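Notes for the one structure printed next.
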Amino acid sequence: MADLNLQEIHDTLISVAHEAGRMMLEANPTDLDKGTKLNSVDIVTEADKAVEALVSSRLSSAYPTFAFVGEETYKPGVQITAAPTFIVDPIDGTTNFVHGFPSACISLGLAVDRIPAVGVVYNPWRDELYTAIRGKGAFLTVGANWGVEGGKGRKSKLPLSKNPIPLGTLDQSLVSIEWGSQRDGVNYEVKTEVFKKLCAVKENGGAMVHSLRSLGSAALNICAVAAGQLDVYWEGGCWAWDVCAGWCILSEAGGIVASGNPGDWEPELDSRKYLAVRGAPSGQKELIEEFWGVIGDRRMEYET
Ligand code: IPD
Ligand code: CA
């Protein structure tokens, strides 16, 4: 990693994110790709594919020797290697995009040695740009394209709060989850049972979390955890392109990612099961263990 200019890569990714963001704002979200994926809720639009084509062309001309893994061109079986690899979701939150719900983004990550080294996540509808370089902190810049503060936008270090409430137990936590597109089988059962148990009163064996949230984009969920707006994010079924950029941002904001199945403190980037907890001086491991206790003997099974 020493010979890579991560700052320059980060700056390139921001400029690509802004260009892609303009394309997303101009796209017709109802222009669905008819060769749709798993089922009627696993949506892909023409914009997903066009944005990925733009990103891939920009990045391959700037960094021709780097590998590229993008959601829309991914072929099953392709592995992420130790080589510098751009890991890209052109539109994360496609369902929101189609419905006009302004919670979608482009997620641009660079992994080196299979570890996120640069992350850029941009929601053009809110002009919110999350960025991080490994070892250099994580930031949120709002309004750069809306001309806020002379066109530079308002840049804040993550987590946002100067005086955050201490990280507590689950009954003090705001937890984000996602339903995903697979709505049957063991994974759906595990998720729905855990959702129910997270919310239930303690007298009935529940964890009584403050509430559940779903931003509809794995990357934006992780960024909200990095910002300290959510305490925990749990999901199974998402892919490396959903989490790579956000993972770098979260780590740089002091957060950690464990496995979404109990027992593994160091999940692989492409393990497809994640439990992210926000930055805090203490309590992260205890909160993860408490969450794993809610999962109990259940296990999500996603092919990697
Ligand atoms: C999806 C979103 C969603 C998550 C799914 C992802 P997409 O990505 O991140 O929040 O629950 O696991 O696949 O389809 O909008 O790119
Ligand atoms: Ca996507």
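Lys-Lys pairs in segment 6-157 that are eight or more residues apart or on separate chains and whose Cα atoms lie under 17 Å of each other come to 6. At a probe radius of 1.4 angstrom, the accessible area of segment 6-157 per residue rounds to 45 square angstrom. Under a point-charge model restricted to the Cβ atoms of Lys and Arg (+1) and Asp and Glu (-1), what is the dipole moment magnitude of segment 170-295 relative to its Cα centre, in debye to the nearest 20? In debye, rounded to 20, segment 170-295 gives about 280.
Checking every one of the chymotrypsin sites (Phe, Trp or Tyr not before Pro) in segment 248-304 against DSSP loop status and a limit of 12 other Cβ atoms within 10 Å picks out W265.
Rounded to whole numbers, the Karplus 3J(HN,Hα) couplings from phi for segment 160-166 are 6, 6, 6, 9, x, 5, x Hz, using 6.51 cos²θ - 1.76 cosθ + 1.60 with θ = phi - 60°, and x at Gly and Pro.
Note: relative contact order over segment 115-193, using C-alpha pairs below 8 Å and six or more positions apart, is 15 percent. Per-residue packing, averaged as other Cβ atoms within 10 Å, sorts the ranges 156-162, 257-263 into the order 257-263, 156-162, beginning with the highest. Quick one: grab the alpha carbon gyration tensor of segment 160-273, order the square roots of its eigenvalues as a ≥ b ≥ c, and give me rounded if a/c is under 1.5, else prolate or oblate depending on whether a/b is larger than b/c. Oblate is the answer for segment 160-273, as a/c is 1.5 or above yet b/c matches or exceeds a/b. Against the chain, whose longest principal axis is taken from its Cα atoms, helix 185-199 shows a tilt of about 70°.
Shown for the chain: the carbon plus sulfur share of the solvent-accessible area, taken with all protein chains present and a 1.4 angstrom probe, equals 52%. Given +1 at the Cβ of Lys and Arg, -1 at the Cβ of Asp and Glu and no other charges, the dipole of the chain around its Cα centre is 640 debye to the nearest 20. Can you check what the net charge comes to around A240, using other residues whose Cβ is under 10 Å from the Cβ of A240 (Lys, Arg +1; Asp, Glu -1)? For residues surrounding A240, the net value is -3. Between the beta carbons of S282 and E203, assuming R0 = 35 Å, the FRET efficiency works out to 0.80 to the nearest 0.05.
Taking Cβ atoms as reference points and 13 Å as the exclusive limit, the residues near E189 contribute a net charge of +2, counting Lys and Arg as +1 and Asp and Glu as -1. For A138, nonlocal amide neighbours, meaning residues 5 or more places apart or on other chains whose placed amide H falls under 5 Å from its own, are L158. Taking a point 7 Å out from the Cα of K155 in the direction of its Cβ, the residues of segment 248-290 whose backbone N falls within less than 17 Å of it are 249, 252-253. At a probe radius of 1.4 angstrom, the accessible area of segment 170-295 per residue rounds to 37 square angstrom.
The values are calculated or read from the model by the stated rules, or taken from the named source; none is laboratory data. All values derive from a computational prediction rather than experimental measurement. Neighbour counts run over all protein chains shown; Cβ positions are idealised from the backbone, glycine included. Protein only, heavy atoms only, side chains kept; ligands, DNA and RNA dropped before computing areas. Shrake-Rupley method; radii C 1.70, N 1.55, O 1.52, S 1.80 Å.
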